[in-house]
(Lines give C-alpha, C1' and ligand atoms only; values in the text may rest on other atoms or scores of the structure.)
Protein backbone atom coordinates (compact mmCIF):
# COMPACT_ATOMS: atom_id res chain seq x y z
CA UNK A 1 0.00 0.00 0.00
CA UNK A 2 1.40 3.35 -1.05
CA UNK A 3 1.38 5.89 1.76
CA UNK A 4 2.53 9.48 1.35
CA UNK A 5 3.68 11.91 4.00
CA UNK A 6 0.67 14.06 3.22
CA UNK A 7 -1.61 11.10 3.90
CA UNK A 8 -0.02 10.49 7.30
CA UNK A 9 -0.30 14.18 8.19
CA UNK A 10 -3.91 14.26 7.00
CA UNK A 11 -4.81 11.39 9.30
CA UNK A 12 -3.33 13.19 12.30
CA UNK A 13 -4.40 16.71 11.32
CA UNK A 14 -6.53 17.13 14.44
CA UNK A 15 -3.29 16.86 16.39
CA UNK A 16 -1.01 18.63 13.92
CA UNK A 17 -2.88 21.94 13.69
CA UNK A 18 -3.11 22.66 17.45
CA UNK A 19 0.45 21.37 17.95
CA UNK A 20 1.86 23.80 15.39
CA UNK A 21 -0.05 26.69 16.98
CA UNK A 22 1.22 25.75 20.44
CA UNK A 23 4.75 25.32 19.07
CA UNK A 24 4.67 28.85 17.64
CA UNK A 25 3.51 30.23 20.99
CA UNK A 26 6.26 28.29 22.80
CA UNK A 27 8.91 29.61 20.42
CA UNK A 28 7.67 33.15 21.07
CA UNK A 29 7.96 32.52 24.83
CA UNK A 30 11.48 31.14 24.38
CA UNK A 31 12.56 34.21 22.39
CA UNK A 32 10.91 36.63 24.82
CA UNK A 33 12.04 35.25 28.18
CA UNK A 34 15.35 33.92 29.47
CA UNK A 35 15.98 30.34 30.57
CA UNK A 36 15.97 31.24 34.30
CA UNK A 37 12.78 33.30 33.94
CA UNK A 38 10.91 30.43 32.31
CA UNK A 39 12.27 27.81 34.70
CA UNK A 40 11.45 29.69 37.91
CA UNK A 41 8.04 30.77 36.58
CA UNK A 42 7.09 27.11 36.05
CA UNK A 43 8.81 25.94 39.21
CA UNK A 44 7.21 28.68 41.30
CA UNK A 45 3.69 27.59 40.37
CA UNK A 46 3.29 24.49 42.51
CA UNK A 47 0.64 22.86 44.67
CA UNK A 48 0.46 19.68 46.78
CA UNK A 49 -1.93 18.18 44.21
CA UNK A 50 0.49 18.85 41.35
CA UNK A 51 3.33 17.41 43.46
CA UNK A 52 1.28 14.23 43.81
CA UNK A 53 0.21 13.98 40.16
CA UNK A 54 3.42 15.01 38.36
CA UNK A 55 5.36 11.76 38.98
CA UNK A 56 2.45 9.71 37.60
CA UNK A 57 2.04 11.99 34.57
CA UNK A 58 5.75 11.91 33.80
CA UNK A 59 5.67 8.09 33.80
CA UNK A 60 3.37 8.21 30.76
CA UNK A 61 6.54 8.99 28.82
CA UNK A 62 8.56 6.28 30.52
CA UNK A 63 10.08 3.54 28.40
CA UNK A 64 8.44 0.83 30.50
CA UNK A 65 5.04 2.39 29.82
CA UNK A 66 5.71 2.10 26.09
CA UNK A 67 6.83 -1.51 26.48
CA UNK A 68 3.61 -2.27 28.35
CA UNK A 69 1.52 -0.59 25.64
CA UNK A 70 3.32 -2.57 22.92
CA UNK A 71 2.72 -5.79 24.88
CA UNK A 72 -1.01 -5.03 25.09
CA UNK A 73 -1.18 -4.35 21.35
CA UNK A 74 0.65 -7.64 20.76
CA UNK A 75 -2.47 -9.43 21.99
CA UNK A 76 -4.59 -7.89 19.23
CA UNK A 77 -2.29 -6.70 16.43
CA UNK A 78 1.27 -7.78 15.64
CA UNK A 79 1.45 -4.88 13.20
CA UNK A 80 0.69 -2.16 15.72
CA UNK A 81 2.86 -3.73 18.41
CA UNK A 82 5.76 -3.89 15.95
CA UNK A 83 5.28 -0.29 14.80
CA UNK A 84 5.19 0.97 18.39
CA UNK A 85 8.24 -1.06 19.46
CA UNK A 86 10.42 0.00 16.53
CA UNK A 87 9.09 3.55 16.69
CA UNK A 88 10.13 3.72 20.32
CA UNK A 89 13.56 2.31 19.50
CA UNK A 90 14.08 4.90 16.75
CA UNK A 91 12.94 7.92 18.76
CA UNK A 92 14.55 6.98 22.07
CA UNK A 93 17.91 6.06 20.53
CA UNK A 94 17.87 9.32 18.56
CA UNK A 95 17.13 11.28 21.74
CA UNK A 96 19.94 9.51 23.58
CA UNK A 97 22.39 10.15 20.74
CA UNK A 98 21.58 13.87 20.80
CA UNK A 99 21.95 13.92 24.59
CA UNK A 100 25.50 12.60 24.27
CA UNK A 101 26.30 15.14 21.58
CA UNK A 102 25.23 18.17 23.63
CA UNK A 103 25.84 16.83 27.18
CA UNK A 104 23.69 19.73 28.37
CA UNK A 105 23.39 20.44 32.11
CA UNK A 106 20.03 19.97 33.80
CA UNK A 107 18.62 22.63 36.15
CA UNK A 108 20.31 21.12 39.22
CA UNK A 109 23.78 21.55 37.71
CA UNK A 110 23.05 24.67 35.65
CA UNK A 111 21.87 26.84 38.54
CA UNK A 112 24.32 25.60 41.13
CA UNK A 113 23.66 27.12 44.58
CA UNK A 114 20.74 29.12 43.17
CA UNK A 115 18.78 25.87 42.81
CA UNK A 116 18.41 25.81 46.60
CA UNK A 117 15.56 28.29 46.18
CA UNK A 118 13.67 25.99 43.79
CA UNK A 119 10.74 23.75 44.65
CA UNK A 120 11.35 20.00 44.50
CA UNK A 121 8.95 17.08 44.73
CA UNK A 122 9.92 14.66 47.48
CA UNK A 123 11.07 11.22 46.38
CA UNK A 124 12.18 12.31 42.89
CA UNK A 125 15.79 11.62 41.93
CA UNK A 126 17.02 14.80 40.27
CA UNK A 127 19.60 14.21 37.53
CA UNK A 128 22.37 16.64 36.61
CA UNK A 129 23.38 16.11 32.97
CA UNK A 130 22.16 15.00 29.52
CA UNK A 131 19.25 17.42 29.59
CA UNK A 132 18.63 18.08 25.88
CA UNK A 133 16.30 16.77 24.58
CA UNK A 134 13.70 15.38 26.98
CA UNK A 135 13.44 11.65 26.33
CA UNK A 136 10.12 11.33 28.18
CA UNK A 137 8.62 14.08 26.01
CA UNK A 138 9.99 12.46 22.87
CA UNK A 139 8.29 9.18 23.78
CA UNK A 140 5.03 10.89 24.77
CA UNK A 141 4.77 12.64 21.41
CA UNK A 142 5.67 9.43 19.58
CA UNK A 143 2.75 7.69 21.26
CA UNK A 144 0.42 10.66 20.72
CA UNK A 145 1.10 10.65 16.97
CA UNK A 146 0.57 6.89 16.70
CA UNK A 147 -2.65 6.85 18.73
CA UNK A 148 -4.05 9.74 16.69
CA UNK A 149 -3.03 8.01 13.46
CA UNK A 150 -4.84 4.79 14.40
CA UNK A 151 -7.85 6.18 16.24
CA UNK A 152 -11.05 6.11 14.19
CA UNK A 153 -12.45 9.12 16.02
CA UNK A 154 -9.89 11.79 15.10
CA UNK A 155 -11.43 14.09 17.70
CA UNK A 156 -9.21 12.26 20.17
CA UNK A 157 -6.17 13.87 18.54
CA UNK A 158 -6.20 16.99 20.76
CA UNK A 159 -6.64 14.74 23.82
CA UNK A 160 -3.54 12.70 22.94
CA UNK A 161 -1.69 15.96 22.26
CA UNK A 162 -2.74 17.32 25.66
CA UNK A 163 -1.46 14.19 27.41
CA UNK A 164 1.89 14.52 25.62
CA UNK A 165 2.10 18.20 26.60
CA UNK A 166 1.33 17.26 30.22
CA UNK A 167 4.25 14.83 30.18
CA UNK A 168 6.52 17.59 28.89
CA UNK A 169 5.25 20.02 31.52
CA UNK A 170 5.80 17.44 34.25
CA UNK A 171 9.45 17.14 33.23
CA UNK A 172 9.88 20.88 33.83
CA UNK A 173 7.76 20.84 36.97
CA UNK A 174 9.96 18.10 38.45
CA UNK A 175 13.10 20.15 37.60
CA UNK A 176 14.42 17.43 35.31
CA UNK A 177 14.44 19.57 32.15
CA UNK A 178 14.36 23.07 30.74
CA UNK A 179 11.71 24.53 28.44
CA UNK A 180 13.85 24.03 25.33
CA UNK A 181 14.53 20.40 26.25
CA UNK A 182 10.81 19.71 26.17
CA UNK A 183 10.30 21.64 22.93
CA UNK A 184 13.15 19.73 21.30
CA UNK A 185 11.79 16.41 22.54
CA UNK A 186 8.33 17.14 21.18
CA UNK A 187 9.64 18.06 17.72
CA UNK A 188 11.94 15.02 17.64
CA UNK A 189 9.17 12.64 18.67
CA UNK A 190 6.67 14.15 16.25
CA UNK A 191 8.91 14.35 13.16
CA UNK A 192 10.57 10.93 13.53
CA UNK A 193 7.24 9.20 14.16
CA UNK A 194 5.59 10.76 11.10
CA UNK A 195 8.55 9.65 8.96
CA UNK A 196 8.51 6.16 10.50
CA UNK A 197 4.77 5.75 9.87
CA UNK A 198 5.20 6.93 6.29
CA UNK A 199 8.03 4.45 5.69
CA UNK A 200 6.60 1.37 7.42
CA UNK A 201 3.08 1.77 6.04
CA UNK A 202 4.58 1.76 2.53
CA UNK A 203 6.20 -1.66 3.07
CA UNK A 204 4.33 -4.55 1.48
CA UNK A 205 5.09 -7.07 4.25
CA UNK A 206 3.37 -5.06 6.99
CA UNK A 207 0.08 -5.19 5.06
CA UNK A 208 -0.06 -8.99 4.91
CA UNK A 209 -3.00 -10.64 6.76
CA UNK A 210 -0.78 -12.38 9.32
CA UNK A 211 0.43 -9.03 10.65
CA UNK A 212 -3.14 -7.88 11.31
CA UNK A 213 -3.74 -10.64 13.87
CA UNK A 214 -2.60 -10.79 17.50
CA UNK A 215 -1.91 -13.45 20.08
CA UNK A 216 -5.59 -13.56 21.03
CA UNK A 217 -6.87 -13.61 17.48
CA UNK A 218 -8.58 -16.76 16.31
CA UNK A 219 -7.01 -18.46 13.34
CA UNK A 220 -9.09 -18.42 10.18
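The values are calculated or read from the model by the stated rules, or taken from the named source; none is laboratory data. It should be emphasised that the depicted structure is a prediction, and the values quoted were computed from it without experimental measurement. Note that we place each Cβ from the backbone using ideal geometry, even for glycine, and neighbour counts take in every protein chain shown.
Numbers at a glance
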{"item": "Residue match in the stretch 74-88 (condition: out of contact with any helix residue (DSSP H, G or I) (no Cβ under 8 Å at 6 or more places or on another chain) and part of a helix (DSSP H, G or I))", "result": "no"}
{"item": "Number of the condition not met by residue 154 [criteria: (1) more than 21 Å from residue 215 (Cβ to Cβ); (2) at pLDDT 95 or above; (3) touching a helix residue (DSSP H, G or I) at 6+ places or on another chain (Cβ under 9 Å)]", "result": "(2)"}
{"item": "Residue match in the stretch 145-161 (condition: under 17 Å from the mean Cα position of the chain (by Cα), part of a helix (DSSP H, G or I) and closer than 20 Å to residue 46 by Cβ)", "result": "no"}
{"item": "The stretch 14-52: number of residues that are closer than 30 Å to residue 121 by Cα and touching a residue at least 24 places away in the same chain (Cβ under 8 Å)", "result": "18"}
{"item": "Some residue of the stretch 5-13 being assigned to a loop (DSSP other than H, G, I, E, B), over 21 Å from residue 132 (Cα atoms) and touching a residue at least 24 places away in the same chain (Cβ under 8 Å)", "result": "yes"}
{"item": "Candidate set: the stretch 33-58, residues that are touching a helix residue (DSSP H, G or I) at 6+ places or on another chain (Cβ under 9 Å) and exposed (fewer than 13 other Cβ atoms within 10 Å of the Cβ); chosen: the one farthest from residue 195 (Cα to Cα)", "result": "45"}
{"item": "The one condition in (1) out of contact with any helix residue (DSSP H, G or I) (no Cβ under 8 Å at 6 or more places or on another chain); (2) closer than 30 Å to residue 14 by Cβ that residue 97 fails to fulfil", "result": "(2)"}
{"item": "Those residues of the stretch 169-218 which are without any contact (Cβ under 8 Å) to a residue 24 or more places away in the chain and under 20 Å from residue 71 (Cα atoms), in sequence order", "result": "209, 218"}
